[in-house]
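S.K.: This is the structure, below, for whatever I ask next.
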Amino acid sequence: MIQIRKHRLAFFLMSLSTVIAIVAPLFLITSCQNLQQTPQELKARETLRVMTRGGVLPSEDVVAKLENDFPRTTAGTLAKMVHARIKLKNNDYAGAAALLDSRNFADYTTIGDYALWLRGNALEQLNRRVEARAAYERLARDFPNALRTRDALLRVAQMLMQDGQAAAVPLMLKPLVEKNDATALLIAAKAYEQTGDSTRALANYRRIYFYASTSTEAADAAAAINRLGSSIVPANGEEANHRAMELFSTQRWSEAYDALTDALTRFPAASNRDIR
């Protein structure tokens, strides 16, 4: 448990350290809403940019004033993000979570996804797991192409597993499983095992082994396949060819040679010019 908490804290701090790199360019952006850019609001953005240069956090009172003076604007919303960062630095996770619970980030900036990510992190620190999951799920739903969407889906799946709700995991991870994301496939496979569905569990382990062959999860998948009484022998030419070409593309020459030879021997009719 201590190791898990240390891992979460390290992950949280790593996320926090990237905020300034993401926020800094936004002081010059055009608002996501069709708003009039007043000289005062533009000046407030520049003031905030200068105050946070080099990752420095200004006085909380100063930032709160900017936030209140420019409500429903890009400047005021960015001030709210800086205010939340100050709260996080002071380990005031409840205060940060409250500040980050705002539609303004989506409406007036381009960091709505990141605000939800940080809110989820803060709520996890408070062990408010249901609310944390809700923040991550909203991130994935509202920002399907965002940088943190994959991480959010994986965090929700992990929390569901920890809370004894394994049956909900495969559906949650479906967007990632369809892309043969090895981490998502492994969590989904374990979820199926927890619910007693060894057939679907085995299918997911096999997808890792044959369609994410070079991932770190492939070794775990191979062990699980054997444990479930199956074999890592390819069932068809598609499995054999895909694994062989993935190994070849990552220059794992010895394994690729064996896999290519096996594919040609077992499924000669399925071999294409690349395989040959």
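The values are calculated or read from the model by the stated rules, or taken from the named source; none is laboratory data. Here the structure is a predicted model, which is why all the values come from computation and not from measurement. Note that each Cβ is placed from the backbone with ideal geometry, even for glycine, and that neighbours are counted across all protein chains shown. Areas reflect the complete protein model, heavy atoms only, side chains present, ligands, DNA and RNA absent. Shrake-Rupley method; radii C 1.70, N 1.55, O 1.52, S 1.80 Å.
S.K.: Hey, can you tell me all the residues within region 226-253 that are surrounded by fewer than 17 Cβ atoms within 10 Å (Cβ to Cβ) and of a type in the set (D, E, K, R)?
M.R.: ARG227, GLU238, ARG252 - these are the residues of region 226-253 that are surrounded by fewer than 17 Cβ atoms within 10 Å (Cβ to Cβ) and of a type in the set (D, E, K, R).
S.K.: Could you grab me the full set of residues in region 108-146 that are acidic (Asp, Glu) and open to solvent by 40 Å² or more (accessible area, probe 1.4 Å)?
M.R.: The answer is GLU131, GLU137, ASP142.
S.K.: Another question, then. In the set ALA269, ALA256, which member is aliphatic (A, V, I, L, M) and open to solvent by 70 Å² or more (accessible area, probe 1.4 Å)?
M.R.: When all the criteria are applied, what remains is ALA269.
S.K.: Okay, moving on. Consider only pairs whose beta carbons are under 9 Å apart and that are at least six residues apart or on different chains; among these, list those whose first residue lies in region 202-224 and is within 12 Å of LEU247 (Cα to Cα) and at pLDDT 95 or above and whose second residue is of a type in the set (Phe, Trp, Tyr) and outside any helix (DSSP H, G or I).
M.R.: The qualifying pairs do not exist here.
S.K.: Return the pairs, sorted by first residue and then second, in which the second residue is of a type in the set (D, E, K, R) and open to solvent by 30 Å² or more (accessible area, probe 1.4 Å), the first residue lies in region 48-72 and is within 13 Å of ILE86 (Cα to Cα), the beta carbons are less than 7 Å apart, and the residues are 6+ apart or on different chains.
M.R.: From residues that are within 13 Å of ILE86 (Cα to Cα), the pairs are LEU57/LYS89.
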